[in-house]
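Notes follow the structure.
The values are calculated or read from the model by the stated rules, or taken from the named source; none is laboratory data. Everything numeric here is computed off the predicted structure, so don't read it as measured data. Virtual Cβ from ideal backbone geometry, glycine too; neighbours counted across all protein chains shown. Heads up: the accessible areas ignore ligands, DNA and RNA and are worked out on the full protein's heavy atoms, side chains in. Shrake-Rupley method; radii C 1.70, N 1.55, O 1.52, S 1.80 Å.
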Amino acid sequence: MSPILESSDSGIERDTRQTTMSTPENDADLKRQAADTLHVEMIPGTEIMRDVDNIHFSHAKGSQETVLLTGVTVITLGYANFIIVPLSNIFGRRPISIIFAVLIVLTCIWEALATSHSSLLAARALNGVVCATSESIMVQVIADVFFLHERGLWTGVYFTGYFLGAFLGPVMSGNIAARHGWRSFFWLEVALSVFAAIVLVVSFPETKFHREHPTRAPSSMGGSMNSYGEPMEKRPSVGERHAPGGEHPATSSPSLVGLGRPGKVQFSAYQKPDSRWKMFIVRDTITPIRVFFNPIIFWAGLMLAGPADLVLLWNLTESQFLSGPPYNWNPSQVGYANFSFVIGGLVGLATAGPFSDWVAKRATKRNNGIREAEMRLPALIPYLALTVIAIVVGGLGYERLWPWQAILVLGYALSGLAVTTVPTIAIAYAIDCYKPISGEIMVVATVLKNTLGFAYSYWVFGLAAQQGFLTVAMVQFAVTIGPALFAIPLYFYGKSLRRWTKNSDLHRMEEMI
């Protein structure tokens, strides 16, 4: 059995069969021991750059650079949405998604061909920028297409599809890297990105549609045009019917709801840019900063960040943990461990959206048919309880080397469930409250999530080496469960917060889109 090698800030790895705790005092003793063996005087400016007996001086730069390849993608993935949201409002969801899909293919080719760490780091950063469409545009599409009572389900479908990529990536990369080299994984990414771009071209219609609101209806039928350049009188809204005699529109007919389908113009290769593009640039750049301080939106962003970065924590540490004793797993086996996240995520997909919609529907019936956005929040209770179990079991399992079954089933799988349920309910709640700014809500959420995720590149391994992994898990517990406690006052006082912003121009932005 090979020893467990544990890293510390001092760059020392050593045999830890007798001790698993790295402390500055222990590291100093090991340095002195190595210096005595080599008969070297250790003074500031002197470093040991070779192995001495069972002590390995790794100088963690290599591992830090490797982790940074993930961190730089995470940070650019979040902040790129400041550009993508206004672009999608100006040019439409479809053109921007397709253009960025082509750029994803090109950056994946760059990653596969990179010949230096600097080149690969730059490719990863740019790949994060162009992949950011997946973090905002699809939430805008959900708000464009689905009714309030349907958004819980489809937001859950979105988050599950999004995180399945994060879950399955390590499964594929571990096996491919072990058998064919790491470049082969990026070539697989090229192929998958090409396939995704083709799917977007043939099956993704434009969903952005500028509707004339009653307060802004034109006085004449002459030159009124919709966002597709068609006369308004020739394109009535889906679900609209005319009163007897055909003189005035009457109330929507339930029998027509859901019967519409995209027209050919929505699949066109080019959409005329919105003439108000300057307004969108200013609005979509300033609004995320403005709503960042909205309690409901900030809370929803933290509720996405906590569970998402919990999964990131396991992704960053699983290789180092499971490849050492007592598990001694090879890269393929470490990759297969990520199926635990997949199973948990699929259970979350099957339950979170329908369950939160059901909870809200029951509360609506008890409230004489009046729906309040906060009625969705009690659905968080069972999923937060399972999230607590995931963090505690994962942290203790890492610290005390529990059987891998406990770590994978209760730690990883429940984390996968958490990341497809808790954010689904929280983000759906925020969109229920502020539907016109669904894209800006996701900008705030992804900036919080990815900024915290980028920080993990710098502190997780150092803190684990100094104080043990249980301390890391408790920090993660505070990041994830701390914001969740505010769901209680939101349930009782969320409507009061919404009342304070009822006259805000945020609610009138839908008329602009």
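Observations on the structure shown:
- Among (1) surrounded by fewer than 16 Cβ atoms within 10 Å (Cβ to Cβ); (2) part of a helix (DSSP H, G or I), the one test that Thr115 misses: (2)
- Residues (at pLDDT 85 or above and open to solvent by less than 40 Å² (accessible area, probe 1.4 Å)) located in the range 137-157: Ile137, Gln140, Val141, Ile142
- Any hit, the range 473-481, residues being outside any helix (DSSP H, G or I), at pLDDT 95 or above, under 25 Å from the mean Cα position of the chain (by Cα) and surrounded by fewer than 18 Cβ atoms within 10 Å (Cβ to Cβ): no
- All positions within the range 436-472 that are open to solvent by less than 10 Å² (accessible area, probe 1.4 Å), hydrophobic (A, V, I, L, M, F, W, C) and farther than 28 Å from Glu374 by Cα: Val460, Ala465, Val472
- Ser58 vs. criteria of a type in the set (Gly, Ala, Ser) and at pLDDT 85 or above: no
- Matching helices (runs of 4 or more DSSP H) fully within the range 331-449 where at least 2 residues are over 23 Å from the mean Cα position of the chain (by Cα), closer than 27 Å to Gln467 by Cα and in contact (Cβ under 8 Å) with a residue 12 or more places away in the chain: 380-400
- Within the range 173-191, the presence of at least one residue that is among the small types (Gly, Ala, Ser), over 23 Å from the mean Cα position of the chain (by Cα), in a loop (DSSP other than H, G, I, E, B) and modelled with pLDDT under 85 is confirmed.
- Contact map, the range 128-143: residues that are more than 17 Å from Glu111 (Cβ to Cβ) paired with residues that are among the charged types (D, E, K, R), Cβ distance under 8 Å, separation 6+ or inter-chain. Pairs shown: Ile137/Arg93; Gln140/Arg93; Gln140/Lys208; Val141/Arg93; Ile142/Arg151; Ala143/Arg151; Ala143/Lys435.
- Just one of the listed residues (Leu316, Leu312) is of a type in the set (A, V, I, L, M, F, W, C), assigned to a helix (DSSP H, G or I), in contact with a helix residue (DSSP H, G or I) (Cβ under 8 Å, 6 or more places away or on another chain) and surrounded by fewer than 24 Cβ atoms within 10 Å (Cβ to Cβ), namely Leu316.
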